[in-house]
Amino acid sequence: MTAWLHVAAMDRQSVVVCVGGGALQDAVGFAAAVTHRGVRLIRVPTTVLAQADCGVGVKNGINALGKKNFIGTFAPPFAVLNDLRFLETLSRRDTIAGLSGR
């Protein structure tokens, strides 16, 4: 991911927009955080859990060396755009997977 940001000639004034679920948000968030010590990131989460997490979360973790979230950063996004219409495209199974009960 950082190689793509390099090829795209990203610099400290650049903005990365990430549209997708939680795993993609983590990977892109990590790459943006370590590129030039922080490229601005706009998150557009598309799943129930990603929308809940991106709204308050600043953690970016990626799996490495066989361990979950072994490498990561704490980097708040520049902005988060939560659009509930993305959730209308999810299957019932995927919608329920991101919900919690009392």
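What follows draws every value from the coordinates through simple rules; no lab data is involved. From a predicted model like this one, the values you see are computed outputs, not experimental measurements. Positions of Cβ are backbone-derived with ideal geometry, glycine not excepted, and every protein chain shown enters the neighbour counts.
A compact table of results
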| quantity | calculated |
| --- | --- |
| Hits in the stretch 6-45 - residues which are of a type in the set (D, E) and either at positive phi or in contact with a Gly (Cβ under 8 Å, 6 or more places away or on another chain) (or both) | D26 |
| Residue in the stretch 33-41 that is touching a Pro at 6+ places or on another chain (Cβ under 6 Å) and part of a helix (DSSP H, G or I) present | no |
| Test result for L5, in contact with a Cys (Cβ under 7 Å, 6 or more places away or on another chain), of a type outside the set (S, T, Y) and either outside any helix (DSSP H, G or I) or surrounded by fewer than 21 Cβ atoms within 10 Å (Cβ to Cβ) (or both) | no |
| Residue check for T95: among the polar types (S, T, N, Q), in a helix (DSSP H, G or I) and surrounded by 12 or more Cβ atoms within 10 Å (Cβ to Cβ) | yes |
| Among (1) among the small types (G, A, S); (2) under 24 Å from L99 (Cα atoms); (3) free of Cβ contacts under 8 Å to residues at least 40 places away in the same chain, the one test that A3 misses | (2) |
| The stretch 42-66, residues that are in contact with a helix residue (DSSP H, G or I) (Cβ under 8 Å, 6 or more places away or on another chain), in a helix (DSSP H, G or I) and over 27 Å from A9 (Cβ atoms) | V48, L49, A50, Q51, D53 |
| Residue among N63, N69 that alone is touching a Phe, Trp or Tyr at 6+ places or on another chain (Cβ under 9 Å), surrounded by fewer than 17 Cβ atoms within 10 Å (Cβ to Cβ) and not charged (D, E, K, R) | N63 |
| Pairs with Cβ under 7 Å, 6+ apart, first in the stretch 35-54 and farther than 22 Å from W4 by Cβ and free of Cβ contacts under 8 Å to residues at least 60 places away in the same chain, second among the acidic types (D, E) and outside any loop (DSSP other than H, G, I, E, B) | T47/D94 |
